[in-house]
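See below for the structure under consideration.
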């Protein structure tokens with residue numbers, strides 16, 4: 001449904017289960033007809049052979065294209081970026097994308113290597129948010145951080161070892177939040193490129209948070225500060 005709302009040209013055709021009375025499916029069919037997308041009706045058995053996880057329909061969708069950093073910055077009033085250093089878990093990436101889009105993040109920056117791509121699981125966990133959020137892939141994250149800094153974007157890294165808490169920074173200006181992988185955190189070179197390293201307190205027994213949970217806390221601190229200053 002979100003693909004049809006945001007990028008209908010990416011949908012080539014939809015196969016629908018015959019005699020369905022699902023309200024959501026009917027809404028999707030109405031959107032498809034509005035956008036002149038080919039519809040085919042088939043038995044449940046046919047759909048099962050195509051995708052066992054279907055919910056009454058299967059859509060054939062072209063891959064989402066990546067945006068350039070310049071495109072993201074040009075569209076941003078006060079740039080708010082999230083840079084992800086080697087996130088491996090598609091569920092974490094999908095959850096971060098969902099939070100980022102809801103919070104008004106302008107773009108996500110991912111490295112091309114040693115990181116999960118925009119897989120089906122990422123699409124599913126993002127719950128449609130990926131259709132609205134610009135994403136770019138870069139060959140070298142540390143070099144990209146240097147380029148962003150030259151354009152006035154402050155780099156703020158999240159790392160549990162820092163004595164400074166997540167709220168001790170002025171996020172009202174252009175900012176890029178930098179979050180590391182699930183197991184190893186920020187790589188040394190990426191950490192070195194950050195203007196500030198901040199942490200979340202963990203007075204309990206565990207030593208780190210899930211990266212998607214940490215991302216949500218940092219992202220909404222940016223939202224809180226910007227709303228208070230507006």
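Annotations for the structure displayed:
- From the options 148, 179, residue that is closer than 14 Å to residue 209 by Cα, surrounded by 17 or more Cβ atoms within 10 Å (Cβ to Cβ), at pLDDT 95 or above and in the same structural domain as residue 86 (by TED's automatic domain parsing): 179
- Residue in segment 173-180 that is part of a loop (DSSP other than H, G, I, E, B), within 22 Å of residue 89 (Cα to Cα), without any contact (Cβ under 8 Å) to a residue 24 or more places away in the chain and out of contact with any helix residue (DSSP H, G or I) (no Cβ under 6 Å at 6 or more places or on another chain) present: no
- Selection from segment 159-172 of residues that are surrounded by 15 or more Cβ atoms within 10 Å (Cβ to Cβ), at pLDDT 95 or above and touching a helix residue (DSSP H, G or I) at 6+ places or on another chain (Cβ under 8 Å): 166, 171
- Residue in segment 199-211 that is on the phi < 0 side of the Ramachandran plot and modelled with pLDDT of 95 or more present: no
- When segment 78-95 is filtered for residues that are more than 17 Å from residue 180 (Cα to Cα) and in contact with a helix residue (DSSP H, G or I) (Cβ under 7 Å, 6 or more places away or on another chain), the ones remaining, listed by number, are 79, 80.
- All positions within segment 94-115 that are in a loop (DSSP other than H, G, I, E, B) and surrounded by fewer than 19 Cβ atoms within 10 Å (Cβ to Cβ): 104, 112, 113, 114, 115
- The strands (runs of 3 or more DSSP E) falling completely within segment 1-65 that include 2 or more residues that are crowded, with 17+ Cβ neighbours inside 10 Å map to 11-17, 57-61.
- The set of residues in segment 66-93 that are closer than 19 Å to residue 223 by Cα and in a helix (DSSP H, G or I) comprises 72, 73, 75.
- Just one of the listed residues (143, 114, 98) is modelled with pLDDT of 95 or more, in the same structural domain as residue 200 (by TED's automatic domain parsing) and closer than 16 Å to residue 178 by Cβ, namely 143.
- Hey, residue 86 in contact with a strand residue (DSSP E or B) (Cβ under 8 Å, 6 or more places away or on another chain) and in contact (Cβ under 8 Å) with a residue 24 or more places away in the chain or not: yes
- Residue ID - surrounded by the most Cβ atoms within 10 Å (Cβ to Cβ), chosen from residues in segment 211-230 that are within 15 Å of residue 169 (Cβ to Cβ) and without any contact (Cβ under 8 Å) to a residue 40 or more places away in the chain: 224
The values are calculated or read from the model by the stated rules, or taken from the named source; none is laboratory data. Owing to the predicted nature of the structure, the values given are computational and were not obtained by experimental measurement. Every residue, glycine among them, receives a Cβ derived from its backbone with ideal geometry; neighbour counts consider all protein chains shown.
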